[in-house]
Amino acid sequence: CPLGIVLKGGLWYLVAASGERADGPVRTYRIARPAEAEVTGTRFARPEGYGSAAYWARSAERLAAAVRRETAVV
C-alpha cells in the first residue's frame with residue numbers, strides 16, 4: 001500500500017507499507033525514473049498518525065546512526 005512519494009536531493013522515493021495491508025512494515029523504495037502513473041481507483045487508508053515528513057525524518061536519523069565512522073591516520 002503506497003503511503004507517499006518523496007522527492008529528496010533530486011531523487012524520488014516511494015514510501016509504502018509492505019504486503020497487502022496499510023499497517024504492515026513501512027519500507028522506502030527508490031524510484032529511478034517515474035515516467036507515468038496509472039489511476040486505478042483503488043482506495044486505501046493511511047495508518048492513523050502516519051505522516052511522510054515524520055517518517056522521512058526518523059528514517060534519516062536511523063541511517064545516520066547506522067553509518068560506520070572511522071578515523072584514518074595518513
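Quick look at the numbers
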item: The lone exception for A22 - which of (1) surrounded by fewer than 10 Cβ atoms within 10 Å (Cβ to Cβ); (2) outside any helix (DSSP H, G or I); (3) modelled with pLDDT under 85 it fails; result: (1)
item: Restricting the range 1-19 to residues that are assigned to a strand (DSSP E or B) and in contact with a Ser or Thr (Cβ under 9 Å, 6 or more places away or on another chain), the residue that is surrounded by the most Cβ atoms within 10 Å (Cβ to Cβ); result: L3
item: All positions within the range 44-58 that are surrounded by fewer than 10 Cβ atoms within 10 Å (Cβ to Cβ) and either of a type in the set (D, E, K, R) or at pLDDT below 85 (or both); result: A45, E48, G49
item: Set Y50, Y55: member being touching a residue at least 40 places away in the same chain (Cβ under 8 Å) and assigned to a loop (DSSP other than H, G, I, E, B); result: Y50
item: Residue within the range 24-40 that is of a type in the set (F, W, Y) and without any contact (Cβ under 8 Å) to a residue 24 or more places away in the chain present; result: yes
item: Set E61, E38, E70: member being of a type in the set (D, E, K, R), at pLDDT 85 or above, out of contact with any Asp or Glu (no Cβ under 9 Å at 6 or more places or on another chain) and farther than 18 Å from V15 by Cβ; result: E38
item: Residue within the range 28-43 that is outside any loop (DSSP other than H, G, I, E, B), surrounded by 10 or more Cβ atoms within 10 Å (Cβ to Cβ), in contact with a strand residue (DSSP E or B) (Cβ under 9 Å, 6 or more places away or on another chain) and not aromatic (F, W, Y) present; result: yes
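The values are calculated or read from the model by the stated rules, or taken from the named source; none is laboratory data. The shown structure was predicted, so the numbers you read here are calculated from the model rather than taken from an experiment. Please note: Cβ atoms are built from the backbone with ideal geometry, for glycine as well, and neighbour counts cover all protein chains shown.
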